[in-house]
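Report on one structure; see the data block that follows.
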Amino acid sequence: MSFTLLAVLAVFGAGYGRADVTERVRAAVRGETLRLRVDSATFGDSWPGTQKTLAVVYSYDDGPPQVRAAAEGTMLEIHPRLPRQPWTAPPAGLPAVIGAAWGTANVTERVQSLAGPGGLHFAARTEFLGDPWPGNAKSLVVVVQLPDGSQLLRIVTEGERLDLSAAPPPPPPPAAAPPPPVKPRPLAVLGAAWGRDDVTDRVREAVRANELRVLADSSVFGDTWQGVQKTLVVVYQVGGEPPRTRIVPEGQLMEVNIAPPLAGVLRPTPSAVVIGNTMPLPPPPPPAPTPVAVNAPPPPPPPPPDSEPPAATGAWVRARDGWVPPDAFAAGRQAGRPVYLCRARHAGGMHPGKITAGGCTFGWSGEGILSHEYEVLTDVRAERWVAGFAGSMPVDAFVGGHERGRRYPVCRGKHRDSVQPGKLVDRACSIGHRGREILMDEYEVLVVGR
């Protein structure tokens, strides 16, 4: 059964009048849409006697940041069908203006042009920002990412100065004081969807000790979309880093662990968190005994758990940063151009994927991972593709990767108007695409050298 991934709506920041209303706006997100009445009954009156605006800075999936603003007394609606606004990252060393609204207008590019190495320092006046809302006092809402990765939201009203330093000098440490302990980066769940339901609060309750482990199942989140294979989508943020997205299909465990164990430190047994209760994961079943014939020669030793058999044809060539060596194997096509097969190391395994601008992209644990160092399959002869469905594959499938003792045959599947190579995982072909892992239950498996 195939399923459709919903677009993920991530809210970076929101301002109403003089007030930061980011959390209220995030709580109003329903699946991939946001619809709000813009008035003081919803957000409170932080600027009495003045007609206010609501400005929201957001993005879909890993797309460019967007800005949408609406005046008091109207409705603000955000959905994936809205036209996307372009956004260009600033030069290195400058604060990045993720989004800025002046009254009802998007002034992101104008505010970015006013940024310097020392930060943002100017007065919120029509001489600098124009007058998109004549006759009304305006507020300037700015969401900025500083060079150190931290994100800030600032609101100033017309006539006030915006002073935001890129690198404030740190206070000198006290003499002979011990170094402060390293604080863990906080894990914040920005939003979560189960099928077409908003389950943000339930997923936030599942965070334990800066980790998230929750089972993507109707027994946890309910079933308001019966008969449909659902996905659990979580948008989260680690400290001041940009938001990330993780997607797992129904029946799998959603895991977000931002604090890897230190050497010599014991950690609790992994468990699946089900909203307030902890269920220990069952231990793996013992291996079945292997029958041994009487007077038979001893069996050959098994291969190492994290390895694949040598290729009957072809050779893996090391590469980096998007370089394609001669005789590279084209395993797919996109926009009339070949898509070349690669593989890269990640999390102790080797993962087949495709060469993209900058490296090798593959799917892993709900995300699309880009590795700048990788290997490319070359000099392939007598290859063929065998159709598969829901985990089926030929016995002589070409193995291109491995992870934790599990081998990954090379597969490819149709995604939109392209054919993308990846790895066969469980019952689907996994590819990485625009920061997400895409799972396809109809695919083809590579066979070579036969």
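Determine the relative contact order of region 327-393: mean sequence separation of Cα pairs under 8 Å and six or more apart, normalised by residue count, in whole percent. Walk me through the numbers before you get to the answer.
Details: 101 pairs, mean separation 18.0, N = 67.
Value for region 327-393: 27 percent.
For region 5-139, give the percent of accessible area contributed by carbon and sulfur heavy atoms, probe 1.4 Å, rounded to a whole number.
Numbers: 2970 of 5780 Å².
Roughly 51 percent, rounded to a whole number.
Within straight cross-link reach of K414, meaning Cα distance under 15 Å, which aspartates and glutamates are found once same-chain residues fewer than 8 apart are removed?
Answer for K414, where 15 Å is the Cα cut-off: E437, D441, E442, E444, listed by chain and number.
Any idea of the accessible area per residue across region 89-155, 1.4 Å probe, to the nearest Å²? Before the final figure, lay out each step's value.
Numbers: 2700 Å² over 67 residues.
That works out to 40 Å² per residue.
Considering only C-alpha atoms, what is the centroid distance from region 102-124 to region 202-226, in Å?
Spelled out, the Cα-based centre of one part sits 40 Å from the other.
R0 = 30 Å: FRET efficiency of R333 with E205, Cβ-based, nearest 0.05? Please list the in-between numbers first.
Numbers: r = 45 Å, r/R0 = 1.50.
Given R0 = 30 Å and the Cβ-Cβ separation, E is 0.10.
Taking loop as defined by DSSP and a crowding limit of 14 other beta carbons within 10 Å, which chymotrypsin sites (Phe, Trp or Tyr not before Pro) in region 323-395 fit? Don't jump to the answer; show the numbers that get you there.
Values: sites: W323, F329, Y340, F362, W364, Y374, W385, F389; in loops: W323, F329.
In loop regions of region 323-395 (DSSP not H, G, I, E or B), the sparsely surrounded chymotrypsin sites (Phe, Trp or Tyr not before Pro) are W323.
If the chain between T74 and H415 were fully stretched, how many nm would it gain, using 0.36 nm times the residue separation less the Cα-Cα distance? The partial results should precede the final answer.
Values: separation 341, 0.36 × 341 = 122.76 nm, distance 3.89 nm.
Full-extension gain reported as 118.9 nm.
I need the phi-derived Karplus couplings for region 117-130: 6.51 cos²θ - 1.76 cosθ + 1.60, θ = phi - 60°, integer Hz, Gly and Pro marked x.
Listing the rounded values in order: x, x, x, 10, 9, 6, 8, 7, 9, 5, 4, 8, 10, x Hz.
Ranking request for peptides 203-213, 78-88: highest mean number of other beta-carbon atoms within 10 Å first, then the rest in descending order. Walk me through the numbers before you get to the answer.
On the way: 203-213: 17.5, 78-88: 11.6.
So the peptides 203-213, 78-88, ranked by packing, come out 203-213, 78-88.
Counting heavy atoms of the protein chains only and a 1.4 Å probe, report the per residue accessible area for region 311-402 as a whole number of Å². Show your work: numbers first, answer last.
Numbers: 4310 Å² over 92 residues.
Ligands and nucleic acids excluded, the figure is 47 Å² per residue.
Under a cut-off of 25 Å between alpha-carbon atoms, report the lysines in cross-link reach of K52, not counting same-chain residues fewer than 8 places apart.
K138
The values are calculated or read from the model by the stated rules, or taken from the named source; none is laboratory data. None of the values given here were measured: they were computed from a predicted structure. FYI the Cβ positions are ideal-geometry reconstructions off the backbone, even for glycines, and counts take in every protein chain you see. Areas reflect the complete protein model, heavy atoms only, side chains present, ligands, DNA and RNA absent. Shrake-Rupley method; radii C 1.70, N 1.55, O 1.52, S 1.80 Å.
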